[in-house]
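The values are calculated or read from the model by the stated rules, or taken from the named source; none is laboratory data. Please read these numbers as outputs of a predicted model, since none were measured by experiment. Cβ coordinates were reconstructed from backbone atoms using ideal geometry, including for glycine residues, and neighbour counts include every protein chain displayed.
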Amino acid sequence: MVMSVRMAPLIFLLMIQGVYSAGWSVSYSSKYICALKGSSVIMSCTYKYPPGYKIKKVFWTKSIEKGVDPPDLFNEPEYSQRIQYLGDKQQICTIRLNDVTQKDSHEYYFRFITNKLDGRWIGTPGVTLNITDLHVESPESVTEGDTVSLTCKSTCNLSDRTTFIWWKNTQSLTERNNKLLLQSVRREDAGRYSCAVHGHKLTSPHVDLNVKYSPKETFVVVSPSGEIVLGDSVTLTCSSDSNPPVLNYTWFKENESSSVGSGQSYSALQSGFFYCVAQNQHGSQRSAAVSVAIKGRGGVMGIAGAILPIFEYFRMSICSYDPDVVK
């Protein structure tokens, strides 16, 4: 009798520490779980105990401290409304934890208590739960023509069967892997990209993909348009789409090798065909040539044009003067 009384505390101590003993066990289907913030997590397990014992209480805990009874998660305010026991009092000890947050990253243990003093057991080591969010990793600098890879990343390893979803601005993309590959990137690929996991509400913060490119769609606007008369101000303005913005604009007259001006605007003082060249760090582009036709004004060129035929008439009359006819 003395020997059996001394052995009981020892058996109890072994069970508290989770050391395997014949007929007593807790088995977890997964010892490590990586879950998305805001999702629901199922921690599956089964347990065994010897014949002759009856289950009085089952619960999960995340705290083991020597000499202190582990607290029941179901009684803690931060868990009580989110935890659901899916098991029984025979052999299933699965739970579901809803709407998980970063604070839920912890190691969890299943504990059961029987009707006998020596019949208490806690399953150690338990289930390590890591909660992660998502973020998109992208290169800092992208130039038109580059091959660009965007990666949807988490702080822990999600299941290999995870299906990813990608968005550009508000449009869903067809890619379903954690990597989004953009080959020979174009300026149209610029935008806000984000990712998510299929079946979950959590979406990563967006990243802005800024694609740099040489000037495109370069053109010249003539102001005022229509007929231009001598003395009016004729302004040519060059516009171009580029990223980064155009560094300099250079003006040329058709069939002349030297430039006639610089800057986004140019004042034309003579007739001819003019074009501009827009340039940034990634290249340049020439616009189509525009025609500038400056006509004479009535008060100057118009009068001169009217006087010229009269002058020619008198010149011819003087040259053909015959004094005998006058007599």
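Scanning the stretch 77-98 for residues that are surrounded by 14 or more Cβ atoms within 10 Å (Cβ to Cβ), within 21 Å of G38 (Cβ to Cβ) and not β-branched (V, I, T) turns up Y79, R82, R96, L97.
I need the full set of residues from the stretch 192-205 which are of a type outside the set (V, I, T), within 15 Å of the chain's Cα centre (by Cα) and surrounded by fewer than 16 Cβ atoms within 10 Å (Cβ to Cβ), in order please. Don't jump to the end; show me each part of the working.
Residues of the stretch 192-205 of a type outside the set (V, I, T): 192-196, 198-202, 204-205.
Checking the rest, the ones that are also within 15 Å of the chain's Cα centre (by Cα) come to 192-196, 202, 204-205.
R192, L202, P205 - these are the residues of the stretch 192-205 that are of a type outside the set (V, I, T), within 15 Å of the chain's Cα centre (by Cα) and surrounded by fewer than 16 Cβ atoms within 10 Å (Cβ to Cβ).
Among residues that are at pLDDT below 95 and not small (G, A, S), N255 is included. The set of residues from the stretch 204-231 being touching a residue at least 24 places away in the same chain (Cβ under 8 Å) and either assigned to a loop (DSSP other than H, G, I, E, B) or more than 20 Å from A190 (Cβ to Cβ) (or both) comprises S204, P205, H206, N210, F219, V220, V222, E227, I228, V229, L230, G231.
For the residues I122, I131, I83, the requirement of being in contact with a Pro (Cβ under 7 Å, 6 or more places away or on another chain), farther than 30 Å from D189 by Cα and either assigned by TED's automatic domain parsing to the domain that holds H198 or β-branched (V, I, T) (or both) singles out I122. Applying the set (1) free of Cβ contacts under 8 Å to residues at least 12 places away in the same chain; (2) surrounded by 13 or more Cβ atoms within 10 Å (Cβ to Cβ) to C34 leaves exactly one unmet item: (1).
Return yes when V5 is part of a loop (DSSP other than H, G, I, E, B), surrounded by fewer than 15 Cβ atoms within 10 Å (Cβ to Cβ) and modelled with pLDDT under 85 and no when it is not. So V5 does not fit the description; no. A count restricted to the stretch 161-182 and to residues that are surrounded by 15 or more Cβ atoms within 10 Å (Cβ to Cβ), in a strand (DSSP E or B) and either of a type in the set (G, A, S) or out of contact with any Cys (no Cβ under 9 Å at 6 or more places or on another chain) (or both) stands at 2. What about E65, is it of a type in the set (D, E) and more than 22 Å from I33 (Cα to Cα)? In short, yes. Within the stretch 21-73, if we keep just the residues that are outside any strand (DSSP E or B) and polar (S, T, N, Q), the residue that is nearest to H106 (Cα to Cα) turns out to be S63.
From the list L117, L182, exactly one residue is within 15 Å of the chain's Cα centre (by Cα), touching a residue at least 12 places away in the same chain (Cβ under 8 Å) and not assigned by TED's automatic domain parsing to the domain that holds Q279. Which is it? Step through it out loud before you land on a result.
Working: L117 fails: within 15 Å of the chain's Cα centre (by Cα).
Residue meeting the stated conditions: L182.
Pairing residues of the stretch 256-271 that are in the same structural domain as V222 (by TED's automatic domain parsing) with residues that are outside any strand (DSSP E or B), at Cβ distances under 8 Å and at least 6 apart in sequence or on separate chains, gives Q264/V246; S267/S233; S271/A293. Please state which of the following conditions S239 fails to meet, knowing it meets all the rest: (1) touching a Lys or Arg at 6+ places or on another chain (Cβ under 8 Å); (2) part of a strand (DSSP E or B). Among (1) touching a Lys or Arg at 6+ places or on another chain (Cβ under 8 Å); (2) part of a strand (DSSP E or B), the lone unmet condition for S239 is (1).
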